[in-house]
Every structure is written in C-alpha cells, then in structure tokens.
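Let me give you the structure first, and then I'll get to my questions.
The values are calculated or read from the model by the stated rules, or taken from the named source; none is laboratory data. Quick caveat, the model's predicted, so the values are computed rather than measured. Cβ: placed from backbone, ideal geometry, glycine included. Neighbour counts: every protein chain shown.
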Amino acid sequence: MYHTVINEILVPPSIRAESTLVYSTVGKTTELRCSAIAPFDTQVYWRRLDNSTLSKFATQQRQIHNDVTQTSLYLSDLELRDFGFYVCVAESQAGQNHATIELREHHRSSMSHLLDTNEVTTSRMQILKRNKVSEPSMISVKVNSASATFFVSIFHFSCIIVVFDLT
C-alpha cells in the first residue's frame, strides 16, 4: 500500500507600487498602480493608510496575467481630502504584503510670486530686471515707407506703455 504525500510550500505574495509618489491637482482624475506576484487565491485591494474611507469617486480595476496581478485605483474629481497615503494590499493563505503610495497635491506656480525684496513680480519682469532694463527707451522703425515711432516706457517694472505714432 502506497500513500501519496504532497508537500505544498506556501509563499506570501509580493507586491510593488509602480510609483511611490504621485502628484495631481484638485478636480482632476489620477491613477495609482501596483503589481503583485501572487498565487490564485490572493486578494488584492486598496485602502487608505489611515483607514479612512476611499473617495466615493474611487474605482478599482484589476488585470491578471498568469501569476501577476496588476491593479489600479482611479480617483476622479479629486478633493483636498483625497490627498494622502494609499496602500495596495495583496493577501493570501500564505500571508500578506503591501505597497504604499503617496498622493500629493501638485501646486502650480502662479504667474507672480514674492521676491526677497518684497516686490511682487512676474517672470517677464524678472528677465527685464536681470537684464537691467529700467530706463525709458525709444525705438524708431521704418515700415512700408511710413515712419512709425514706438515709445516704450517701463516704470519700475510695474507697467509697460506702448504708443504708436504713425505719420
């Protein structure tokens, strides 16, 4: 009489985030992605690191190719409360692993910002300042046999006045 003994080695799933830091802005849609190498009985899911509820605009998508599970969490119409840490979890009979992704708000630089001298300026004004254009300038241009004179005045980098004198 023979007895068949099957030894099965259980290996916990491994998981990795495609990016551990993702930037987005309020009102946009963003995608968080991770991949798990896991046996067939593995559950892959998303949660917030602080265990708060996922956004009502969150949807999950999963694709399985052999023993690789790719999962995405789509967050639509982002609100400030959606920024933070998200965890992609792979859980099986053999154990669990996770990958953490931080969703951070992308702050777009505004056209003006504060300089050390407390002057508010724009990028164009910074170029003029760097090139030391500060005195009024006069440029004469001849166009189609008519004389056109352009007076360009720059007053302490706060305004530019262009006057056309077509004679």
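Within region 2-13, is there a residue that is of a type outside the set (Asp, Glu), at pLDDT 90 or above and in contact with a strand residue (DSSP E or B) (Cβ under 9 Å, 6 or more places away or on another chain)?
Looking for residues that are of a type outside the set (Asp, Glu), at pLDDT 90 or above and in contact with a strand residue (DSSP E or B) (Cβ under 9 Å, 6 or more places away or on another chain), one finds at least one in region 2-13, hence yes.
Here's the yes/no breakdown for (1) touching a residue at least 40 places away in the same chain (Cβ under 8 Å); (2) out of contact with any Pro (no Cβ under 7 Å at 6 or more places or on another chain); (3) part of a loop (DSSP other than H, G, I, E, B):
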residue: ARG16; (1), (2), (3): yes, yes, no
residue: LYS28; (1), (2), (3): yes, yes, yes
residue: CYS34; (1), (2), (3): yes, yes, no
residue: PHE40; (1), (2), (3): no, yes, yes
residue: TYR45; (1), (2), (3): yes, yes, no
residue: ASP50; (1), (2), (3): no, yes, yes
residue: LYS56; (1), (2), (3): no, yes, yes
residue: ARG62; (1), (2), (3): no, yes, no
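When residues of region 21-43 are filtered for being out of contact with any strand residue (DSSP E or B) (no Cβ under 6 Å at 6 or more places or on another chain) and modelled with pLDDT of 90 or more, how many remain?
Residues that pass the stated criteria total 5.
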